[in-house]
Every structure is written in structure tokens, then in C-alpha cells.
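Remarks on the structure that follows.
The values are calculated or read from the model by the stated rules, or taken from the named source; none is laboratory data. Since the structure is predicted, the reported quantities are computational estimates derived from the model, not experimental observations. Here the Cβ positions follow ideal geometry from the backbone for every residue, glycine too, while neighbour counts run over all protein chains shown. For the accessible areas, the whole protein counts, side chains as well, though only heavy atoms, and no ligand, DNA or RNA atoms are used. Shrake-Rupley method; radii C 1.70, N 1.55, O 1.52, S 1.80 Å.
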Amino acid sequence: KEEGRDTIKEYSEDFDRAVQARFQLLRDLRDALEQKQLRLFYQPQLDLRTGKVIGAEALIRWWKPDNSKQGGTFISPGEFIPVAEQSGLIVPIGDWVIRQACEDAKRWESDGIDIRIAINVSAAQFSQGDMVANVESVLRDTGLSAQKLELEVTESVFMDDIQHTIQTLQNLHALGVELAIDDFGTGYSSLSYLRQFPIDRLKIDQSFIRNALNNPDDASIAKTIVNLGHSLNLKVIAEGVETEAHEEFLIKHDCDEVQGFRYSRPVPHESFIEFVQNY
Ligand code: C2E
Ligand code: MG
Ligand code: MG
């Protein structure tokens, strides 16, 4: 059906294999959540004008133990997050991510690190979970102030039940939580939503940064997103900043914040604290 009407597909054993593999991945992921195989890594976000670390994005990591020589395999979120989203397992996983990230961020405070924590949330967490109640209880339990928390949503949240989403985002914003649109420029975005939604930050998708230096169209899109954001009083952050040339491009076009391998890869909690203290 996804491939359009009036098409014919011959049955192939590959279909079965793909479905089987998905089911297996889902079973393994359920175990992973229960057996605490999931971890959070952190990647710094910097203010481009001052060069200071001002935030960190929490990124989930799954090292799945097995009988191989290495003792396990790394499964990337790009592979398992979509499966988690389709099955609804993203709700308990997402709840765990929010709690763990806020606990870690609270610890940074006692290490003298005064930065915000950015957490990815999927559209399914908005439609199926009770985001507001969950965030409220995590903030209460951890003692982290709401202003230190930012949620990254993609443009796909705007495609679901729009009234419910607006209400949820407004309730979160009323708590003091900041909101960013992740992968901005790649999805379906109605510009009028940017006015209706209580958004604080646009995150330029990394594909535009990657190609900005050799593809004028991508460079124009990146520049346009900075201008659009600023004209709506939003901060703009670029992700996927890998080189000095990328950085210079973004300085020249007045981007506010950056994140990428040029500064640091996502690293475990302890290494992140060390990175910030020595930066
Ligand atoms: P994202 O939120 O857009 O995260 C940015 C991705 O770019 C991360 O991939 C990060 O490791 C990678 N990255 C950062 N800097 C650079 C760079 O300079 N160059 C390149 N090539 N890549 C860079 P990762 O960790 O594999 O995550 C992929 C996606 O999985 C994320 O994209 C996000 O959509 C999703 N994801 C990760 N953690 C979570 C989570 O806790 N919850 C949810 N719902 N989704 C998550
Ligand atoms: Mg993100
Ligand atoms: Mg992104």
C-alpha cells in the first residue's frame, strides 16, 4: 500500500525475514529496558559567540550483550527508535530517558556546571503518554528547575492531533520548560505553526550544514532558517558542525549555537563532566 495503488508485489521470503527481524528487535528492546542495557550519552551545545558550553543533548545508546567475541553489539537509535515508536514502547523508554537525563543534569549542578539539558521526545510520547504529568513529577523528584530542561520535538508532532499537541506544548511551556524543533527544514512545517506553538529554538538539520559549503541551495536554506528564527525571536542552533569551515559559515550568518563532532562526540556521563570542566 505504501508503494501506491494498483501495484503488484510477488511474495518473497525476504518479507517474512524482515518481519521476523523486527519482532526480534522489539523483544530484545523490551528486555533491554528491563535489564537496564540502555544508557544516555551527552553531546555539548555551545554558544557560538562566547564559545561556552551552554547545554547538552541526551542521546540514547544500546549495547546489546550477545555471545560474540566483543560480548555485544551496538544498535543505533536510528535503527531501534522507529521500532519503539511504532510499537508504543517509546513511551516507557521515553519516560526513562527523561528521568535519567534530569537526574544526571541535577548532578551537574553540584559539580558547578550550569547548563541546560536537551531531551528528544517522539510524537508518540505526546499522543500516547501523559508528557505533562511525567515531566512535572520528574522535575519534582529530581529538584531540577524547569528552565534547565529543553524538549526537542520534530515537525512530525504537528501532524498528529493538533489541538492536543498545542495544549500539551503550552502546558509544558507554562512549567518553564523550553521547546526546540529538531531537524528543522526536513519535515512538514507550516510556518503558521511557528507562531501558534510556544517554541524557543530552531535546530537546523545537519544535512544542510553538511552540504552548506559545496551546495548553494543548502547554504541558502541554512541562512534562511537563521533569519526566520531571529525574525520570530527564536534562538537558532546548528547540529552536525564538524569542521572549522562549518563553524565559520555559521558565525558569518549569525547562528546562535552549535553542536557537533568539531566540539565533541556524544560521550558517557562521566566523560561529559570532564569535558565541560576542562573546556
Ligand atoms: P537527533 O536528535 O537529530 O540527534 C543528532 C544525531 O546526530 C545524533 O545521532 C548524534 O550522535 C549525531 N551527531 C552529532 N553531531 C554530529 C556531527 O558532527 N556529525 C554527524 N555526522 N553526526 C552528528 P544518534 O545519537 O545516532 O541519534 C539519532 C537520532 O535518534 C536522533 O537524532 C534522535 O532523533 C533519535 N534519538 C536519540 N536518542 C533519543 C531518545 O532518547 N529519544 C528519542 N525519542 N529519540 C532519540
Ligand atoms: Mg535531537
Ligand atoms: Mg536532529
Within region 179-193, the residues that are away from ligand 3 (no atom under 16 Å from the Cβ) and more than 13 Å from residue 157 (Cβ to Cβ) are 191, 192
Is it fair to say residue 62 is more than 16 Å from ligand 2 (Cβ to nearest atom), open to solvent by less than 20 Å² (accessible area, probe 1.4 Å) and under 16 Å from the mean Cα position of the chain (by Cα)?
yes
Filter pass, residue 249 being of a type in the set (Phe, Trp, Tyr) and modelled with pLDDT of 95 or more
yes
Sort through 41, 15, 23 and tell me the only one that's open to solvent by 50 Å² or more (accessible area, probe 1.4 Å), of a type in the set (Phe, Trp, Tyr), more than 18 Å from residue 124 (Cβ to Cβ) and modelled with pLDDT of 95 or more.
41
Residue 179 versus (1) touching a helix residue (DSSP H, G or I) at 6+ places or on another chain (Cβ under 8 Å); (2) without any contact (Cβ under 8 Å) to a residue 12 or more places away in the chain: which is the lone unmet condition?
(2)
Pull up region 181-220, narrow it to residues that are within 16 Å of ligand 1 (Cβ to nearest atom) and in a helix (DSSP H, G or I), then point me to the one that is surrounded by the fewest Cβ atoms within 10 Å (Cβ to Cβ).
211
Any hit, region 241-250, residues being over 21 Å from residue 50 (Cβ atoms), buried (at least 18 other Cβ atoms within 10 Å of the Cβ) and not charged (D, E, K, R)
no
Can you name every residue in region 88-108 that is surrounded by fewer than 16 Cβ atoms within 10 Å (Cβ to Cβ) and within 16 Å of the chain's Cα centre (by Cα)?
96
Flag if residue 261 is open to solvent by 10 Å² or more (accessible area, probe 1.4 Å) and either closer than 17 Å to residue 50 by Cβ or within 16 Å of ligand 2 (Cβ to nearest atom) (or both):
yes
Counting only residues that are within 16 Å of ligand 3 (Cβ to nearest atom) and polar (S, T, N, Q), region 148-172 contains a total of 2
Taking residue 224 as meeting all but one of (1) assigned to a helix (DSSP H, G or I); (2) touching a helix residue (DSSP H, G or I) at 6+ places or on another chain (Cβ under 9 Å), write down the number of the exception.
(2)
Unmet criterion (only one of (1) assigned to a helix (DSSP H, G or I); (2) under 28 Å from residue 166 (Cα atoms); (3) open to solvent by 10 Å² or more (accessible area, probe 1.4 Å)) for residue 229
(3)
Restricting the search to region 129-154, which residues are closer than 21 Å to residue 45 by Cα and either in a helix (DSSP H, G or I) or away from ligand 1 (no atom under 16 Å from the Cβ) (or both)?
144, 145, 146, 147, 148
Suppose we filter 123, 101, 118 for residues that are closer than 20 Å to residue 238 by Cα and within 14 Å of ligand 2 (Cβ to nearest atom); which single one remains?
118
Is it fair to say residue 167 is closer than 28 Å to residue 130 by Cα, outside any loop (DSSP other than H, G, I, E, B), open to solvent by 40 Å² or more (accessible area, probe 1.4 Å) and at pLDDT below 95?
yes
